[in-house]
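The values are calculated or read from the model by the stated rules, or taken from the named source; none is laboratory data. Keep in mind that this is a model prediction, so the values were computed, not measured. In this analysis, Cβ positions are derived from the backbone assuming ideal geometry, glycine residues included, and neighbour counts consider all displayed protein chains. Only protein heavy atoms, including side chains, enter the accessible area calculation; ligands, DNA and RNA are left aside. Shrake-Rupley method; radii C 1.70, N 1.55, O 1.52, S 1.80 Å.
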Amino acid sequence: MIINNLLWSLAKLGEAIELSMVKSTFDALVDRISESPQFSQQGILMSLWGVMVFCARFYLYDGNKSALEKHIGDLLARLENTFPIDTEDASIVAMATSWLGRACPVVPHYPTIISQPQSNFRDQLQSSLPSLKIEEEKSLNSLPPVDLLLPDYNLVIDIQGPYHYVSGDFKTRNGSTLLKIALLQKSGFEVIEIPVNKLVNQKSIKTVIEQVKTKLTALPEARGFVSFNRDEESADEAYFTAEEYLEEPTDKPKRKKNRRKAGKTYLHKH
């Protein structure tokens, strides 16, 4: 279990660790797991989650597949030999099958939790755009529920509390957050991440809403859930954060942002 724990711990730290610093170590750990058939179900689950997080990091960095992806299928096959699986762990199986584009063999159970900032933002967005269809706490492709879904635009809005970040710093996303965002993008959804500390007052909420409205005017309306092939597109074309929107609106056109570097979050200064 030492190898599994180390793999899980590295993945949990998300963007706190530069990919280039841990790639060789991570590759060695995964190879050790592949060569060791005597892991428990819990050990396989931990390893599978860790591998998916690092695949997500590479995907969000450049939109390409990682050589680690082959281990997702290998670990999932080993895990299936240990079924049945606890309900609490079914979400890992659901995420792995979603990553591989397979049907989910289990039915994960997700609790419905609507935070006050999420509820307030939804109400104000709806008030600003009365005809906009907004769904809340929707599970897509058996994945963990998203905060807000705008199905007519294949757009997800995620209101991110401090637990989405390492040490709650609202800058460094943890492994769980990175995996969720990557899986949504792979499923064909645009994603806007809004740190909850950007919704502290009416002025900041209004600013975010105006920028979401601007984004919607640039997106084609979708009929149902249209699946785009993200493997053939640049990852930064589908990645949006509230920091990109929170500048005061101006009449000047914005230049396209440079690609995000792995392990770092670039913020605008206000």
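With a 10 Å radius around each residue's Cβ, average the other Cβ atoms per peptide and rank 179-187, 127-135, highest first. Walk me through the numbers before you get to the answer.
Values: 179-187: 23.6, 127-135: 11.7.
Output ranking for 179-187, 127-135: 179-187, 127-135.
Give the shape of region 162-226 as rounded, prolate or oblate, defined through the alpha-carbon gyration tensor: a ≥ b ≥ c are the square roots of its eigenvalues, a/c under 1.5 means rounded, and otherwise the shape is prolate if a/b is larger than b/c and oblate if not. All intermediate terms of the calculation are to be shown ahead of the outcome.
Details: a/c = 3.62, a/b = 1.14, b/c = 3.18.
Judged from the Cα gyration tensor, region 162-226 comes out oblate (a/c at least 1.5, b/c at or above a/b).
D27: accessible area at probe 1.4 Å, nearest 10 Å²?
For D27, the solvent-accessible surface is approximately 40 Å².
Quick check on my link table: of K138/K171; K70/K171; K133/K213; K12/K138, which ones sit more than 20 Å apart, alpha carbon to alpha carbon?
Details: K138/K171 26 Å; K70/K171 30 Å; K133/K213 13 Å; K12/K138 24 Å.
Distance filter (> 20 Å) returns K138/K171; K70/K171; K12/K138.
For region 7-109, what is the accessible area per residue in Å² when the probe is 1.4 Å?
On a per-residue basis, region 7-109 sits at 46 Å².
Accessible area of W8, 1.4 Å probe, to the nearest 10 Å²?
Using a 1.4 Å probe on the heavy atoms, I get roughly 90 Å².
In whole Hz, what ³J(HN,Hα) sequence does region 19-28 give by Karplus (6.51, -1.76, 1.60; θ = phi - 60°), x for Gly and Pro?
4, 5, 7, 10, 4, 5, 5, 5, 4, 5
Return the ratio Rg/(2.2 N^0.38 Å) for region 1-126, where Rg is computed over Cα atoms only. Working shown, then result.
Values: Rg = 16.4 Å, N = 126, 2.2 N^0.38 = 13.8 Å.
That ratio works out to 1.19.
Calculate what fraction, in whole %, of the accessible area of region 40-193 sits on carbon and sulfur atoms when a 1.4 Å probe is rolled over the protein chains.
The C+S portion of the solvent-accessible surface of region 40-193 is 49 percent.
What share of Cα pairs, in percent, lie more than 18 angstrom apart in region 65-186?
60 percent
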